[in-house]
1. Identify all residues within the stretch 407-439 that are buried (at least 24 other Cβ atoms within 10 Å of the Cβ), more than 17 Å from the chain's Cα centre (by Cα) and more than 14 Å from the ligand (Cβ to nearest atom); write none if there are none.
2. I'd like the full set of residues that are among the aliphatic types (A, V, I, L, M), under 30 Å from residue 196 (Cα atoms) and more than 17 Å from the chain's Cα centre (by Cα), limited to the stretch 393-406.
3. Quickly run through the stretch 361-405 and pick out the residues that are basic (Lys, Arg) and touching a His at 6+ places or on another chain (Cβ under 9 Å).
4. Within the stretch 464-488, take every residue that is hydrophobic (A, V, I, L, M, F, W, C) and open to solvent by less than 60 Å² (accessible area, probe 1.4 Å) and give me the one that is modelled with the lowest pLDDT.
5. For the stretch 149-189, which residues satisfy the criterion of being closer than 27 Å to residue 214 by Cα, surrounded by fewer than 22 Cβ atoms within 10 Å (Cβ to Cβ) and touching a strand residue (DSSP E or B) at 6+ places or on another chain (Cβ under 7 Å)?
6. So which residues in the stretch 194-249 are hydroxyl-bearing (Ser, Thr, Tyr) and assigned to a strand (DSSP E or B)?
7. Return only the number of the condition from (1) without any contact (Cβ under 8 Å) to a residue 40 or more places away in the chain; (2) within 29 Å of residue 240 (Cβ to Cβ); (3) not charged (D, E, K, R) that residue 476 does not satisfy.
8. Looking at 320, 334 in this structure, which one is open to solvent by less than 50 Å² (accessible area, probe 1.4 Å), in contact with a Leu (Cβ under 9 Å, 6 or more places away or on another chain), in contact (Cβ under 8 Å) with a residue 60 or more places away in the chain and not charged (D, E, K, R)?
Amino acid sequence: MSFRLTNVLKKVTSKFYIGSRSFVTSSSSSTRSFKYKSLSSSYLYLALAVSTSTLLYTTSPTVLNDSKKSKRKIIVIEDDDDEEDEETEEEREERLEQERLERVKNKPSLSQIFNISDFEYVAKQILPYGTWGYYSTGSDDEFSLRENHYAFGRIFFRPRCLVDVKNTNTETEEIFGIKMDAPFYCTAFAGAPMAHPDAEKNLINACGNENIPYLIPFQLSFPFDEFMEGAKPNHQNFHQVHFYNEKQLAEGPAYLQKIEKQYPNIKAFFINVDLPCLGNREKDSKIRASLDDSVNEDLSVFASSKVSYLNITWDDIKVLKESTNLPIVLKGVLNKDDVLKAAEVGLGGCLISNHGGRQLDFAMPPIEILAQSRKLLRENGIPDKDFKLFIDGGIRRGSDIIKAICLGADAVGLGRPFLYSMATYGQPGVEKAIQILKNEMIADMKLLGVTKISDLNENYVDIESLKYKGISSSDHLYNYNYTNIPPPPFRR
Ligand SMILES: Cc1cc2nc3c(=O)[nH]c(=O)nc-3n(C[C@H](O)[C@H](O)[C@H](O)COP(=O)(O)O)c2cc1C
């Protein structure tokens, strides 16, 4: 058998390349169908000292010596004679796309979806690779992205027993004049049409049917007026606003006035204060780079280097505030002192958010800042009813929502959960996601010994461990969907 070390290494790296691509593309077994032959055929074996995680998906029966102790695996390497198994880049892309389309066809029925993470799992399997990358990624090393979620795992409940909880409901008091069926809303995100042509229409219709607000994004894929024509009458919402340039900022007051006058069902403006520039969305960039020419052109709109935002200041916020009677909420506040300042300058509220871990990495988890902020506002004599607090980032369960309400939030926003449910099952998917969260809340409130939202307070939660970042019980559902940042792929 002819065999040269250089060829072996070439083929080893090609397997790693495929391995790392299929890892981020999909965890379905069908995408991992490397064509290894049986041990008896003309194959060579090479023992490599590699971490088990690198080869998480190379679980073919020909992978030997899977001892955790040694952390070594034996990889089967084809020899020079086996040219028939070679696959060109185009063939591989085509195969992966065929396999994806097959998964789209065979996706689980909606009745098989039991929780929010299930939607994420299906989305990961069926979305085009670049779209999944744009939606799921955060900035830099994604510490904030992961901690957003994990922080909820450091808060435990202190339930009361023997309470009559037969009539429990999740309805809210009025928030900027809106009475919601539950204290959460669908937050604003750009890029939803990459997954569905009617993206934002599905979202607003589902929110309308379930009576929760939609934070209508500034970057809509429909003209605003056309979009609002289709909204359910009496469905009350919020509107998110950011500015790309000085001209847009100068026109800001007129824009807010127009919306206020024309659309009485929009009850507050959420203005971004977390976009002096885009965060370093490194994993997203890596994924797009790996797609080369086949990259979906729409994606380039979101590439960090091509989008620039305007750096606004407190003075700009004052001008915008004076231009409208509607409450202004700052979206993306990350420090309790800024929360206090926003209250002192007479704004309506703050949305504590690190943009779903997409802006400043190592920004603290919003739930932790929330706990500090409500306390600080009270210490400074600002009653809860006079200043609304919202958080978003990492919320995936009804229990997460309850924890946030206990710690002083009026309502919370969810982004990716509604993006994934819409991308996988359209409007019915979003409605189901909302119902799942409502049902989880009802059950958890009963178990907590609480019948209404306004009775939730800090006495129902233990936050002793909240500040110990990085220490949480493992969340297997979350971890299963989390994708590691890929290393640079070797050329084939
Ligand atoms: C794909 C995507 C696009 C987003 N686009 C915007 C945007 O255009 N404007 C904005 O204010 N926030 C945007 N966000 C941030 C969300 O409004 C929200 O802060 C975040 O998704 C909450 O975290 P979660 O996804 O873990 O729920 C985006 C988030 C994602 C995931």
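The values are calculated or read from the model by the stated rules, or taken from the named source; none is laboratory data. Fair warning: this is a prediction, and the values are worked out from it, not measured in the lab. All Cβ positions, even for glycine, are placed from backbone atoms using ideal geometry, and neighbour counts span all protein chains on display. What goes into the accessible areas is simple: the full protein's heavy atoms, side chains included, and nothing from ligands, DNA or RNA. Shrake-Rupley method; radii C 1.70, N 1.55, O 1.52, S 1.80 Å.
1. 407
2. none
3. Selection gives 396 alone.
4. Of the stretch 464-488, the ones hydrophobic (A, V, I, L, M, F, W, C) are 466, 471, 477, 485.
Applying the additional criterion that residues be open to solvent by less than 60 Å² (accessible area, probe 1.4 Å) yields 466, 485.
Details: 466: 95, 485: 78.
If we take residues in the stretch 464-488 being hydrophobic (A, V, I, L, M, F, W, C) and open to solvent by less than 60 Å² (accessible area, probe 1.4 Å), then 485 is modelled with the lowest pLDDT.
5. Matches in the stretch 149-189: 171, 172, 176, 177, 178.
6. 214, the sole residue that qualifies.
7. All conditions are met except number (2).
8. 320
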